[in-house]
Structure formats: structure tokens, C-alpha cells
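Below is one structure, written out as C-alpha cells, with a few remarks after it.
The values are calculated or read from the model by the stated rules, or taken from the named source; none is laboratory data. Here the structure is a predicted model, which is why all the values come from computation and not from measurement. Counting neighbours? That spans all protein chains shown, and the Cβs are built from the backbone with ideal geometry, glycine included.
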Amino acid sequence: MSRPVVTALLLDELQRNCDPIRLPRNALITPAARDWFKDHAVPIVWEDSEPKQSTLAVVLDPNRPEMRAVRSMIERLNGPVEIIAPAAPGAVPLAAAVRRLCGKINRREVSKGAVFTTDACVPLVVANKHDGIRAALGTSLMAVEEACRELGINVLVVDTTCHAMFQTRQMIERLMAGATSAPPEMAAMIEATERSGGREDW
């Protein structure tokens, strides 16, 4: 299993979000992060690594060779990953698999989820219909970083026809390192919208 990497960008985000800076003892520290530590006098809590349980569930078709490669990459990054396979090809089985993923996140069986598909519209619509689920389309690393920062996304949808493996890896790393909740103002707006069934400002 690979060691977590601490970058200056990650440290900036943790400080900007007023999150306590907690880092694993076995982390790899980039040179820019070392410089960041010198420039910022903030307390850092170094935590011992614990055996990872499944923190990520993934919707993908494990029968496709390229998806087996994606699964292998994610397990090297994150440890055990729960796979939710659509029962058959098509939009309806994909939607059912996404619903199961959302249920696991709502029940806190996993903290985040990812969907790998050639039809990104279906999982985005289905996931965002669930309370407490904030899904975004992974178009680029920058888009995923912004979605994590601004919305605290917990589901990432990746169109498998658009990205090389290294780009997919970067987006999954960013999802897993990202905040688990939206900033307070955005969280309040999302919660109000969910409670009102989306009709609050009509």
C-alpha cells in the first residue's frame, strides 16, 4: 500500500478550512510542504497509522479489463475498496448501483464513493437526489479540488472515456484527501434546500 503524500496545496487547504492539521506519521512530505512548515507556525498533530478499513465504495463493472486496472489502482491507493457492480449493462442497473452506493454513504458504512461509467449523467442525477449526497463530475483535477473545497463532495463520477489512468488516480487521491463537508454557508443552503424539497426559493 502506498504512503500518503503531504503537499503544500493540501496544507493550505487545511489551514484555510480551519481544520486541525492532522497528518500520518508515515506520510511522504514534499519539498514544498517542508517549506510551508517553515513559513507557517501552526501546530501539527502527527498520528499513528491505523489499519485501513474500507472508506471508499466504487461503482464499476469488474468484468471490463480497464475497470480491473482502475480497481487495482484504487486499492493500492486506499486499501480495501467495496465494489458495487451494476447487475447488467444499461442506465437502470447503473442507477440501482448508484442508489446502493448512496445508501452506504448515508449509513456511514463508507465515507465516500466513486462511479466509473461511460454515462455520467445517470449517476449524477441519481446521486444528487439523495439527502446528504453531494456528487460532482470529475472533469479534471482542478474541478475535483474545487468541488471538494466548495461542496465537500462525497461522490465522484468519472467518465471512463475521457481520462488516462494517472488523471483518474489524481482525482481519486484528491477526493479522498478532500473535506467531508461543505463550508458552513454552503452546507446551510444545501440543508435548507433538501428540507424544502428544492422549493424554498421558487
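From the list Leu101, Leu94, exactly one residue is within 14 Å of the chain's Cα centre (by Cα) and of a type in the set (A, V, I, L, M). Which is it?
Numbers: Leu94 fails: within 14 Å of the chain's Cα centre (by Cα).
Result: Leu101 is the single residue among Leu101, Leu94 that is within 14 Å of the chain's Cα centre (by Cα) and of a type in the set (A, V, I, L, M).
When region 103-126 is examined, which residues are found to be farther than 19 Å from Val70 by Cβ and either among the hydrophobic types (A, V, I, L, M, F, W, C) or outside the structural domain of Thr160 (by TED's automatic domain parsing) (or both)?
Listed by number, the residues that qualify are Ile105, Cys121, Val125, Val126.
Checking the condition assigned to a loop (DSSP other than H, G, I, E, B) and either more than 15 Å from Leu60 (Cα to Cα) or in contact (Cβ under 8 Å) with a residue 12 or more places away in the chain (or both), which residue from Thr168, Thr139 passes? First the steps, then the outcome.
Details: Thr168 fails: assigned to a loop (DSSP other than H, G, I, E, B).
Within the list Thr168, Thr139, the selection yields Thr139.
Go through Arg76, Arg100 for me and flag whichever is in the same structural domain as Leu156 (by TED's automatic domain parsing), among the charged types (D, E, K, R) and at pLDDT 90 or above. Can you show your working first?
Numbers: Arg76 fails: at pLDDT 90 or above.
Going through Arg76, Arg100 in turn, the sole match is Arg100.
State the number of residues belonging to region 94-126 that are closer than 16 Å to Ser181 by Cα and of a type outside the set (S, T, N, Q).
Restricting attention to region 94-126, the residues satisfying the condition of being closer than 16 Å to Ser181 by Cα are 102, 105-108, 110-113.
From what is left, the residues that are of a type outside the set (S, T, N, Q) are 102, 105, 107-108, 110, 112-113.
The qualifying residues number 7.
What is the residue count in region 1-55 for residues that are more than 23 Å from Val144 (Cβ to Cβ) and at pLDDT 75 or above?
16
Quick one: is Arg108 out of contact with any Cys (no Cβ under 8 Å at 6 or more places or on another chain) and assigned to a helix (DSSP H, G or I)? Write out each step before concluding.
Numbers: out of contact with any Cys (no Cβ under 8 Å at 6 or more places or on another chain): yes; assigned to a helix (DSSP H, G or I): no.
Here the answer is no, as Arg108 does not meet what is asked.
Check Leu14 against each of (1) more than 25 Å from Ser181 (Cα to Cα); (2) free of Cβ contacts under 8 Å to residues at least 12 places away in the same chain and name the one condition it does not meet.
(1)
Given the residues Val92, Val125, which is the only one that is more than 24 Å from Asn63 (Cβ to Cβ), free of Cβ contacts under 8 Å to residues at least 12 places away in the same chain, surrounded by fewer than 20 Cβ atoms within 10 Å (Cβ to Cβ) and not aromatic (Phe, Trp, Tyr)?
Exactly one residue qualifies, and that residue is Val125.
Return a yes/no flag: does region 150-159 have any residue that is assigned to a helix (DSSP H, G or I) and under 23 Å from Arg16 (Cα atoms).
Taking region 150-159 as the starting set, the residues that turn out to be assigned to a helix (DSSP H, G or I) are 150-151.
Right, trim to under 23 Å from Arg16 (Cα atoms) and you get 150-151.
Yes, region 150-159 contains at least one residue that is assigned to a helix (DSSP H, G or I) and under 23 Å from Arg16 (Cα atoms).
Condition check ((1) of a type in the set (D, E, K, R); (2) modelled with pLDDT under 90; (3) more than 22 Å from Leu77 (Cβ to Cβ)) across all residues:
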site: Val115; (1), (2), (3): no, no, no
site: Val126; (1), (2), (3): no, no, yes
site: Ala135; (1), (2), (3): no, no, no
site: Gly138; (1), (2), (3): no, no, no
site: Met142; (1), (2), (3): no, no, no
site: Glu146; (1), (2), (3): yes, no, no
site: His163; (1), (2), (3): no, yes, no
